[in-house]
Amino acid sequence: MERKWWHDKVAYQIYPKSFLDTNGDGIGDLRGIISKLDYLKELGIDIIWLSPIYQSPFVDQGYDISDYYSIASEFGTMEEFDELLAEAKKRGMYIIMDLVINHCSDKHEWFQKALADPEGEYADYFYFRKGKNGNPPSNYRSYFGGSCWEPVPGTDKYYLHMFAKEQPDLNWENPKLKQEIYNMINWWLEKGLAGFRIDAIINIKKNLEFPDFEPDGPDGMAGCWKMVESTEGVGELLEELKEHTFKKYDAFTVAEVFNMKEGELPQFIGENGHFSTIFDFSAHCLSDGEHGWYDAPEMEFKKWRETVINSQLEVQKTGFEANIIENHDEPRGVSRFLPEYARTPAGTKMLGTVSLLLRGIPFIYQGQEIGMQNAVWESIEEYDDISTKDQYHIAREAGLSNEEALKVCGKMSRDNARTPVQWSNQENAGFTTGTPWLKVNSNYTAINVESQEAQPDSVLNYYRKLTALRKSEEYKEVFTYGEFVPEYEATESVMAYYRVDDEKRMLIAANFGKTPVKLELKYPVKRVLLSNQEETSAGSGQKPEHVLELESCEVIVLECE
Ligand code: TEU
Ligand code: CA
């Protein structure tokens, strides 16, 4: 396999609005990010992904872009962005931006021109279609609820939007539109950007017949992803995109891809794939409900373990995926993947270890490094997120009480990850001197960066050790390229695996259970590299050498013979 510059990197996602506010308007900003570059460097971060910072009406928090060439004034200026690029470069760090090109904002100039002249050139930048027998062109339900088709005022046409109606889909069949997108991407790459995280990209290929599907909900509609899954040909679009842009710059690209077809992984992330990598969402998809969040299955340890293991075994045949436990669309990993008794510093470290040492590129989401958890939400009004409001509505329609629907949202809401980063135990967790745009999690006095800086055994300091180990001269090779081999699958509560190459054999073993377990070691221990306990049984000389005892929530990283 050809080695790439990004294979051994550790990445970090910043959700700028919630990261750090420096001017008291309650909104995180570029100055805030610049001021924390040293903090990120110390955390061992190489690549920083910024969720969208382009000009936007923020209907979907910046994933609705009204000008691809401007920085949102809420976040700062282009000069500040250039400063961020330069400061990152000084520290040997790379910046990647979010690339939202399946859709733009309805306030984008292209869409405004299309509305002004629905027969004109710009209408063809979008999907303007006539309805069928007084109905929209098809029965698709958008990802955020309601029809995918919205009437074009003053005409008998509709425009397509897979997400909110303020996010019209761009027409990837139009060569002019494609060229505009390529130019824009190259403009940013010329500036010195290292690459992109690519949003919702599988959706760019449409079935131009827009066939109806069997309704799958009480609204008589069918999820628009059904059209995506049954359409061929996205590969050609993605290859063309890569050839005209990323490839020329050796850019790092990490795509958000749901609904991939079977056997397509090599085309996406193989040697000459469309992207450098894609996120591994397999564990997150375990909580996909059939109709929504309200019928989401409970997370079960054994299913989670099996899913992670299978994904690792499959992906390593082909390339690298990007491993996450959470992002800005997902609830906090600690609240989701750990049982209640494990939502402690020890459990948090355990989950982090198991995830960060997997084969692939680890992405840490802001606040994960201090073990931030889901917030407690009292009413639907407290939420900002468009998707949460829709899911609350779906739950109520399905017969859940207000209280029950709130419980469902509390578990799954995207706003759980979007509450401000908890920097200190000061007012508003040190995020802002003003009023935060979204409430601060009330647990900030217990969980915050400042207090964890001061504790040698804090989650934060543990994450620093973890990234340092992964990137150390001695172990970098095995943690980057070493094979993933699962172990102790027969032991109910244990998640364990080796990372192995010709030189080294590393064992990562964690006990997610409530009670201690004993594991028979297959290879003698050479060194204990990391542990989340003050004392470990490995190498202590007190136990038979071949037995490893793991307390509840204990994790250990060993080098074996
Ligand atoms: O998410 C794409 C996506 O598939 C989402 O619908 C996801 O399933 C949803 O967030 C779950 O509630 C991307 C971005 O990550 C997300 O923040 C945007 O809202 C979305 O695209 C539209 O740009
Ligand atoms: Ca601000």
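Based on the Cβ-Cβ distance from VAL376 to GLU300, what FRET efficiency comes out when R0 is 41 Å, to the nearest 0.05? Don't skip to the end; give the middle numbers.
Working: r = 24 Å, r/R0 = 0.58.
Step by step, r from the Cβ atoms, then E = 0.95.
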Quick one: putting +1 on the C-beta of Lys and Arg, -1 on the C-beta of Asp and Glu, what dipole do you get for the range 1-63 around its Cα centre, in Debye to the nearest 20? 160
What is the distance in Å between the Cα centroid of the range 1-54 and that of the range 228-300? 23
Apply the Karplus parameterisation 6.51 cos²θ - 1.76 cosθ + 1.60, with θ equal to phi minus 60°, to every residue of the range 384-393 and state each ³J(HN,Hα) to the nearest whole Hz, in sequence, with x for glycine and proline. 10, 4, 4, 6, 5, 4, 5, 5, 4, 4
Solvent-accessible area of GLU381, probe 1.4 Å, all protein chains present, reported in Å² to the nearest ten, please. 150
Heavy atoms only, probe 1.4 Å: what % of the accessible area of the chain goes to carbon and sulfur, would you let me know? 47
Put +1 on the Cβ of each Lys and Arg and -1 on the Cβ of each Asp and Glu in the range 75-120; which of ALA116, MET93, SER105 then has its Cα farthest toward the positive end of the dipole? MET93
Over the chain, average the accessible area per residue using a 1.4 Å probe and give it in Å², no decimals. 40
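Using a simple charge model, +1 on the beta-carbon of Lys and Arg, -1 on the beta-carbon of Asp and Glu, nothing else, what dipole does the chain show about its Cα centre, in debye to the nearest 20? Walk me through the intermediate numbers first.
Values: 59 positive and 95 negative charges, 188 e Å.
Once rounded to the nearest 20, the dipole reads 900 debye.
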So, with points 7 Å from each Cα along the Cβ direction, the GLU314-GLU520 label distance in nm works out to 3.1
Nearest 0.05, what FRET efficiency do GLU561 and GLN533 give at R0 = 22 Å with Cβ-Cβ as r? 0.45
Which Cα, out of TRP149, LEU438, SER311, lies furthest along the positive dipole direction of the chain (beta carbon charges, K/R +1, D/E -1)? SER311
What whole number of Å gives the distance from the Cα centroid of the range 482-499 to the Cα centroid of the range 126-204? 43
For the chain, find the longest principal axis of its Cα atoms and tell me its angle to the long axis of helix 402-412, 0 to 90°, nearest 10. 70
Relative contact order (percent, whole number), the chain, Cα cutoff 8 Å, 6+ residue spacing: 13
Please give, to one decimal in nm, the separation of the simple spin-label points placed at TRP5 and GLU397, each 7 Å out from Cα toward the Cβ. 4.8
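If I take R0 = 22 Å and measure r between the Cβ atoms of LYS132 and ASP216 in this structure, what FRET efficiency does the formula 1/(1 + (r/R0)^6) give, to the nearest 0.05? Before the final figure, lay out the partial values.
On the way: r = 19 Å, r/R0 = 0.87.
The computed FRET efficiency comes out at 0.70.
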Placing +1 on the Cβ of each Lys and Arg and -1 on the Cβ of each Asp and Glu in the chain, which of THR253, GLN167, TYR294 has its Cα farthest towards the positive end of the resulting dipole? THR253
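Mean 1/r over all different Cα pairs, inverted: what Kirkwood radius does the range 485-561 give, in Å? Let's see the in-between values first.
On the way: mean 1/r = 0.0808 Å⁻¹.
It works out to 12.4 Å.
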How far, in nm, would the chain grow between TRP187 and SER70 when pulled straight, counting 0.36 nm per residue and subtracting the alpha carbon separation? 40.9 nm
Among the lysines, select those whose C-alpha is under 17 Å from the C-alpha of LYS178, and discard any that sit fewer than 8 residues away in the same chain. LYS205, LYS206, LYS242, LYS247, LYS248
Computed lengthening from GLU545 to GLU450, 0.36 nm per intervening residue step minus Cα-Cα distance: 30.2 nm
Starting from the 7 Å offset along Cα-to-Cβ, what nm value, one decimal, do you get for the label separation of THR77 and GLU236? 4.6
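The values are calculated or read from the model by the stated rules, or taken from the named source; none is laboratory data. Being a predicted model, the structure only gives us computed values, none of them experimental. Methodologically, a virtual Cβ is constructed for each residue, glycine included, from the backbone with ideal geometry; neighbour enumeration extends over all protein chains shown. Calculation scope for accessible area: heavy atoms of the full protein, side chains included, ligands and nucleic acids excluded. Shrake-Rupley method; radii C 1.70, N 1.55, O 1.52, S 1.80 Å.
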